[in-house]
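Engineer: Pasting in a structure now, in structure tokens, and then I'll have a few things to ask.
Coordinate-derived values only; no laboratory data. It should be emphasised that the depicted structure is a prediction, and the values quoted were computed from it without experimental measurement. Every residue, glycine among them, receives a Cβ derived from its backbone with ideal geometry; neighbour counts consider all protein chains shown.
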């Protein structure tokens, strides 16, 4: 799975849908950020698929604000500095103050299962956004989910891997759990993959 390092900058701590911050400049990274991570895997022995949940947490401190340009400077826990512009959609921009702590939690959930004969699983996508009320510190949460079907195009009994063809035509090879039986008959099997990504942001007093 991806690390929060890229998310932390790409989302500017707050997704555009939440407070519409866009990056304007940043210093060169000095070290890998200190990130709190937690991984949970749930599956039934012998049954293909399961659920993998990864949670990443990181925080930064507001060190400078320019009301005229709506520029906000953040310093992460590893000392990396980055500047962002808060767009006009940031109704709560005036509530941000130097010293505020910006905290981001990203949760990635992947569910994978093989449909039973006759069971259909249509591809789909959905999104939801919740914002902080006017007058409060900027923040909120956003969740996006997507479900798609992939097909097993090849298996390696020696390496115990399966190659899946994704909807966009690309192929990726995955390690299959040792407790799951893998045979050449698995080629052609359809696999449903459901992904959910949730981002929660808060701006708090230190």
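Engineer: Rounded to the nearest 0.05, what FRET efficiency do residue 175 and residue 63 give with R0 = 35 Å and r taken as the Cβ-Cβ distance? Could you check?
Structural biologist: Once rounded, the FRET efficiency stands at 0.20.
Engineer: How far apart, in nm, are the 7 Å Cα→Cβ label points at residue 156 and residue 136?
Structural biologist: Result for the modelled spin labels: 5.0 nm.
Engineer: Quick one: in the range 73-206, what % of C-alpha pairs are over 22 Å apart?
Structural biologist: 57 percent
Engineer: Okay, next question. Once Rh is set to the Kirkwood radius over Cα pairs, what Stokes-Einstein translational diffusion coefficient, in µm²/s, holds for the range 142-206 at a temperature of 10 °C and a viscosity of 1.306 mPa s?
Structural biologist: 113 µm²/s
Engineer: Shifting gears a bit: Suppose R0 equals 41 Å; then what is the FRET efficiency for residue 70 and residue 149 from their Cβ-Cβ distance, rounded to the nearest 0.05?
Structural biologist: Efficiency for this residue pair is about 0.40.
Engineer: Moving on. How much length is gained if the chain between residue 165 and residue 40 is pulled fully straight, taking 0.36 nm per residue apart and subtracting their Cα-Cα distance, in nm to one decimal?
Structural biologist: Computed gain between residue 165 and residue 40 is 42.4 nm.
Engineer: Set the Förster radius R0 to 22 Å, insert the Cβ-Cβ distance between residue 185 and residue 123 as r into 1/(1 + (r/R0)^6), and round the FRET efficiency to 0.05.
Structural biologist: My answer for the efficiency is 0.30.
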